[in-house]
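Scroll down for the structure; my scribbles are underneath it.
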Amino acid sequence: MVNKSRAERLSDTFVKLTDTLVADYDVLDLLHTLVEDAVDLLDAAHAGLLLSDADGNLQLLASTSEQSQLVELLQLEAGAGPCVECYRTGTVITVDDIGTLGDRWPAFQHIALDMGFRSVHAVPMRVHTRVIGAMGLFGAETGALTPEDASIAQAMADVATISLLQERTIREAGVLNDQLQRALTTRVLIEQAKGVIAQTKNLDMDSAFNVLRAHARSSRQNLHDVAESIIKRTLMI
């Protein structure tokens, strides 16, 4: 297998993201692709993505690890943190050293440091003035992303947002909200299915998700249907 350059891998990522503009796609798989490729391409240890539902409430839709998932969920519970502020303001939020936050976002600081994160770069999921979520890139070391990496992160988030808000979807009343609601329902099913796989195969939760996703792709099924089958015990993988 030939090792691809960073430029080639970046090109592959944008091809995957823009493919959704001309074909049916699995929203949740798109978002997981976004966070996984962001970690692969940029100077980040893990990533998580928050997206607003039909009522404007933020929900966790994708993460690259249990650690980043916990940090994102804590921000939702506290209603505060860099990713929440990024969504509310529509601006990039960068924390070079989480340990020096002081009294700002104490709950976030505590859980982030406990999970081994030392820095965070949050980019808005937006098109023009419409903001639908935020992607958090968590670093294991202190320091900001380079200007180039920060620009790439925002470009990836922008393309993914365009995919979610593409014109054909906007023209079809209610389709976008239905897609996001289904994605939220799917995330709950996935968490349950991960638990089943982890228990039956003696795997950690991250590995269990990889098994689930690999089966969905190899069998050309969406994550929702595979997770539901596993929960109902009509599918064993």
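The values are calculated or read from the model by the stated rules, or taken from the named source; none is laboratory data. Only a predicted model underlies this, so the values are computations on that prediction, with no experimental measurement involved. Here Cβ is always computed from backbone atoms with ideal geometry, including for glycine, and neighbour counts include all displayed protein chains. All accessible areas refer to the heavy atoms of the entire protein, side chains included, with ligands and DNA or RNA removed. Shrake-Rupley method; radii C 1.70, N 1.55, O 1.52, S 1.80 Å.
The table below gives the values:
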item	result
Of residues in the range 80-117 being open to solvent by 50 Å² or more (accessible area, probe 1.4 Å) and of a type in the set (A, V, I, L, M, F, W, C), the one nearest to Ala45 (Cα to Cα)	Met115
Residue check, Gly116 more than 27 Å from Ser163 (Cβ to Cβ) and either free of Cβ contacts under 8 Å to residues at least 60 places away in the same chain or among the acidic types (Asp, Glu) (or both)	no
Segments classed as helices (runs of 4 or more DSSP H), wholly inside the range 132-228, with at least 3 members that are modelled with pLDDT of 90 or more and surrounded by 18 or more Cβ atoms within 10 Å (Cβ to Cβ)	147-164, 175-201, 205-218
Count of the range 57-69 residues which are open to solvent by 10 Å² or more (accessible area, probe 1.4 Å) and touching a strand residue (DSSP E or B) at 6+ places or on another chain (Cβ under 9 Å)	6
Where Ala54 falls short, out of the listed (1) on the phi > 0 side of the Ramachandran plot; (2) open to solvent by 60 Å² or more (accessible area, probe 1.4 Å)	(1)
Test: residue in the range 22-41 that is modelled with pLDDT of 80 or more, more than 11 Å from the chain's Cα centre (by Cα) and either closer than 30 Å to Leu113 by Cβ or of a type in the set (Asp, Glu) (or both)	yes
Residue in the range 22-45 that is of a type in the set (Ser, Thr, Tyr) and in contact with a Pro (Cβ under 9 Å, 6 or more places away or on another chain) present	no
Residue in the range 63-76 that is over 14 Å from Met125 (Cα atoms), in a loop (DSSP other than H, G, I, E, B) and out of contact with any Asp or Glu (no Cβ under 7 Å at 6 or more places or on another chain) present	no
